[in-house]
Every structure is written in structure tokens, then in C-alpha cells.
Amino acid sequence: MGSGQGKEEVGLRMSIPEDVTKFLRQHKGVAYCDGCIQKNVGLKLRQQAQRVTGAIAQTPEFIREKGLCSNCGGDKLVTKYS
Ligand SMILES: [Zn+2]
């Protein structure tokens, strides 16, 4: 707070859940696996995506199920905005 020089922490963002939900909303009805969400949102770890998709799956807006990822074609747990 004292120094005038603001240090920008690139890569350390506090809005991971927002980024993930925004990404899925932009691709309504399209299923993505955690790995593809991680890459598309630009997260460092897949666990970061996993944590968010696991949480938003509890809401009626998002569906998390076993299926084909629209991006990589993998047969795994995918999340989509319905
Ligand atoms: Zn995928």
C-alpha cells in the first residue's frame, strides 16, 4: 500500500471460477473435459479446473457427466453449460 509501484502478478489470478464459468457459458451446450478447460482458460494445473467444475456441477446451470469431450474427443468426465 505504501509503494507507488504496483506489482502485477501475471498468472496468479483470483478469478479462476469466474474464468471457467465464463468460458463454459460462451460455449453453451458444449462439453469440455477438465484438461481442455484448463488449457482454454489458461490455468496452470488441471486440478484448478477440476476444483471449479466439481463445484459448479452442484448448480443447476452446469452439467458434469461421463461423456465425450468436444475439444479433444476424450471419453471422460466433461462439464457443460446447459
Ligand atoms: Zn478434452
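Using the average count of surrounding beta-carbon atoms within 10 Å as a protection proxy, the listed peptides 27-36, 61-70 rank, highest first, as 27-36, 61-70.
Look at T59, T21 and count the other Cβ atoms within 10 Å of each Cβ; fewest to most, that gives T59, T21.
Both radii are taken from the alpha-carbon atoms of region 16-81; with Rh as the Kirkwood radius, Rg/Rh is 0.90.
Where a number appears in this text, it was derived from the coordinates with a stated rule and is not lab data. Not measured: the values here are computed from a predicted model. Counting neighbours? That spans all protein chains shown, and the Cβs are built from the backbone with ideal geometry, glycine included.
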